[in-house]
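Student: Before I ask anything, here is the structure I am working with.
The values are calculated or read from the model by the stated rules, or taken from the named source; none is laboratory data. As the structure is a prediction and not an experimental result, all values here were calculated from the model. Note that each Cβ is placed from the backbone with ideal geometry, even for glycine, and that neighbours are counted across all protein chains shown. Accessible surface areas use protein heavy atoms only, side chains included; no ligands, DNA or RNA. Shrake-Rupley method; radii C 1.70, N 1.55, O 1.52, S 1.80 Å.
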Amino acid sequence: DRYITASDCIQTDTVGLSAHRTWSDTYSAAVKDGGNAIIYYSMAHYWTKWTGSRMGLVNSLRLLSFLFSFLTLIVLSLFLYDRFGSKGELIGSLFYISVSAPNLVFIRTYSLVVLFVTILIVVMIKWTDNKFRWVSNSTYLLFFLVVISLPFIHFFTIHFILFGLVFLLFNWYNGFSSKQVIPALMPFMLSIGIFCIYYLNMNSEGRLFQ
């Protein structure tokens, strides 16, 4: 993953994140990178158009990474408190802060990746504890959007999607009914299908993962 430095931001034809450019310019820059991280770059584009003129492009992107990391900390803390109590929450939160310090300071796509992966893991754990009985519509919608979006935040996250697919198939094989597993399975299969079409289209000349 690349850090976006001040010089990167000056060379906006490389990263496509100038607050004065259109979304199509951002998309074109992502295409040059093989289509990687299109969701992050799109979010960063609109964020910098809103905040960049007041605080500068670099500081605006640093703030965006900090906000993603802070949201991850909130999600993780609530989950750990619910599962292990206040002591588990404290230990887990401190560990997260210690290993994710670069995401709190530097401009990285990983800050958004970690947020989405954390949400995915939390929902999957809670759903597994409930033996894949139907969850609320809002929870399922969140789960669906996270699974579909994850590969387009960064290509390497397709590994999390594949792992989730294998995990669900394993549970299906070990006794869970189709009615329980298929609603959770469908977003993973759809995500893989969309990703394959997108990746092959963006990398039709045989380019490898960025």
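Student: L63 to S42: FRET efficiency via 1/(1 + (r/R0)^6), r the Cβ-Cβ distance, R0 22 Å, to the nearest 0.05?
Tutor: Result of the calculation: an efficiency of 0.80.
Student: Heavy atoms of the protein only, probe of 1.4 Å, neighbouring chains included. What is the accessible area of H154 in Å², nearest 10?
Tutor: About 20 Å², ignoring ligands and nucleic acids.
Student: If you find the alpha carbon centre of segment 158-207 and of segment 62-82, how far apart are they in angstrom?
Tutor: Rounded to whole Å, the Cα centres lie 26 Å apart.
Student: Order F116, F143, most accessible first, counting only protein heavy atoms with a 1.4 angstrom probe.
Tutor: These residues rank, largest area first, as F116, F143.
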